[in-house]
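Participant: Quick one: this structure, given as structure tokens, is what I'll be asking you about.
The values are calculated or read from the model by the stated rules, or taken from the named source; none is laboratory data. These figures come from a predicted structure and were not determined experimentally. Cβ coordinates were reconstructed from backbone atoms using ideal geometry, including for glycine residues, and neighbour counts include every protein chain displayed. Areas reflect the complete protein model, heavy atoms only, side chains present, ligands, DNA and RNA absent. Shrake-Rupley method; radii C 1.70, N 1.55, O 1.52, S 1.80 Å.
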Amino acid sequence: MKTALTIAGSDSSGGAGIQADIKTMTANGVFAMSAITALTAQNTTGVFAVQVTETEILEKQIEAVATDIFPDAVKTGMIPTEEQAHSIAESIKKFNFKNIVVDPVIVSTSGTKLISDEAISKIQKELFPLSTLITPNIPEAEFMLSTKIQTKEQMEKAAETLSKRHGCSVLIKGGHMVNDACDFLFKKNGDGIWFDGKRVDNKNTHGTGCTLSSAIASNLAKGLSLEESVKNAKDYLTLALKAMLDLGKGSGPLCHNFRFL
């Protein structure tokens, strides 16, 4: 049994964050473990409160996992403070974690900003260079590059710029494009690969970013290549959307366990 660790925030409604990560990792055949960066009070309509985990407690969670059931892959999600970002980067180096997937969570699906500008800067400076892959969506890439991304050519350029700036592979997710759901992977070695996808007509997209990054980490943990991991994860996400689960009054969660129904 391969293992994966998620370092992210808790979603009380179960659709995103730690809960989505654990469901996704389990559904993709690895043993899931967690280190919680924050407690949130949220549901499908919004985020109502956030309590940040003390950095010392976060460090202890990661250490407890690393010294007992060592993870074959690590995924990070919501990292609300620059102190946490620094601490996580130091833990990655201390324990020599491999297969690091960083989902640079900045804004929730419902539109709530989840982390400080200082944290965003620290994540880019210290975490990105340690990463195997980062998985920004278009708004996140636009924020980090201070530019608009409206075409496939602009997606390619953005991914290449981020990769060369931070020394990691970059997957820019095209789910926010108007006409398609194609993602572009720019690998650290300079290769660029498109992953074509058709938009699923489903308003329930709460936790899609968490789900994709966790599925990629799961596949990397099992020894698949980066390209195979992204393809398998994208296929899993598409099927989770096509299952058409409909819960809650807002943008509802995915059906993570569609394979078991």
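Participant: What is the chain's relative contact order, in percent, from Cα pairs under 8 angstrom and six or more apart in sequence?
Facilitator: For the chain, the relative contact order is 20 percent.
Participant: Now for a different question. Treat each spin label as a single point 7 Å out from the Cα along the C-beta direction, and report the Glu63 to Glu118 distance in nm.
Facilitator: 2.3
Participant: OK, next. Which value, in debye to the nearest 20, describes the size of the charge dipole of the chain about its Cα centre when Lys and Arg Cβ atoms bear +1, Asp and Glu Cβ atoms bear -1, and nothing else is charged?
Facilitator: The calculation lands at about 540 debye.
Participant: When only Cα pairs under 8 Å and 6 or more residues apart are kept, what is the percent relative contact order across the range 1-77?
Facilitator: Value for the range 1-77: 39 percent.
Participant: Between Ala41 and Met1, what is the label-to-label distance in nm when each label sits 7 Å out along the Cα-to-Cβ direction?
Facilitator: That separation, rounded to one decimal, is 3.5 nm.
Participant: Could you tell me what fraction of 2.2 N^0.38 Å the Cα radius of gyration of the chain comes to, as a two-decimal ratio?
Facilitator: Cα-based Rg divided by the globular estimate yields 0.91.
Participant: Something else about it: With the full set of protein chains in place, find how many percent of the accessible area of the range 107-261 is carbon and sulfur; take the probe as 1.4 Å.
Facilitator: 51
Participant: Here is a further query. Can you list the HN-Hα couplings for the range 15-23, worked out from phi with the Karplus curve (6.51, -1.76, 1.60; θ = phi - 60°), rounded to whole Hz and with x for Gly and Pro?
Facilitator: Working through the residues one at a time gives x, 9, x, 3, 5, 5, 4, 5, 4 Hz.
Participant: Local charge sum around Ala32 (other residues, Cβ-Cβ under 14 Å, Lys/Arg +1, Asp/Glu -1)?
Facilitator: Surrounding charge for Ala32 is +2.
Participant: Given only helices, namely DSSP H runs of n ≥ 4 each adding -39500 (n - 2.57), what is the per-residue ellipticity at 222 nm of the chain, to the nearest 500 deg cm²/dmol?
Facilitator: Taking each H run of at least 4 residues, the total per residue is -11500 deg cm²/dmol.
Participant: Once the Cβ-Cβ distance between Lys125 and Glu156 is put in as r, and R0 is 35 Å, what FRET efficiency do you end up with, to the nearest 0.05?
Facilitator: 0.90
Participant: Provide the per residue accessible area, probe 1.4 Å, for the chain, rounded to a whole number of square angstrom.
Facilitator: Per residue, the chain has an accessible area of 44 Å².
Participant: Under a plain spin-label model, where a point goes 7 Å from the Cα along Cα-to-Cβ, how far apart in nm are Phe48 and Asp180?
Facilitator: 4.1
Participant: Quick one: which residues, 5 or more positions from Met78 or on another chain, have an amide H under 5 Å from its amide H? H modelled 1.01 Å from N in the peptide plane, none for Pro or chain starts.
Facilitator: Excluding prolines and chain starts, which carry no amide H, the hits are Gly9.
Participant: Can you classify the range 140-261 as rounded, prolate or oblate using the Cα gyration tensor, where a ≥ b ≥ c are the square roots of its eigenvalues, rounded means a/c under 1.5, and otherwise it's prolate if a/b beats b/c and oblate if not?
Facilitator: Judged from the Cα gyration tensor, the range 140-261 comes out oblate (a/c at least 1.5, b/c at or above a/b).
Participant: Follow-up question, since we're still on this one. How much length would be gained if the chain were fully extended between Lys198 and Glu56, taking 0.36 nm per residue of separation minus their Cα-Cα distance, in nm to one decimal?
Facilitator: That pair, Lys198 and Glu56, stretches by 46.8 nm at full extension.
Participant: Could I ask something else about it? Given +1 on the Cβ of Lys and Arg, -1 on the Cβ of Asp and Glu, and no further charges, what dipole in debye does the range 17-90 carry about its Cα centre, rounded to the nearest 20?
Facilitator: 420
Participant: Which of rounded, prolate, oblate describes the range 1-117, given a ≥ b ≥ c as roots of the alpha-carbon gyration tensor eigenvalues and a/c under 1.5 marking rounded, otherwise prolate only if a/b is larger than b/c?
Facilitator: Verdict is oblate for the range 1-117.
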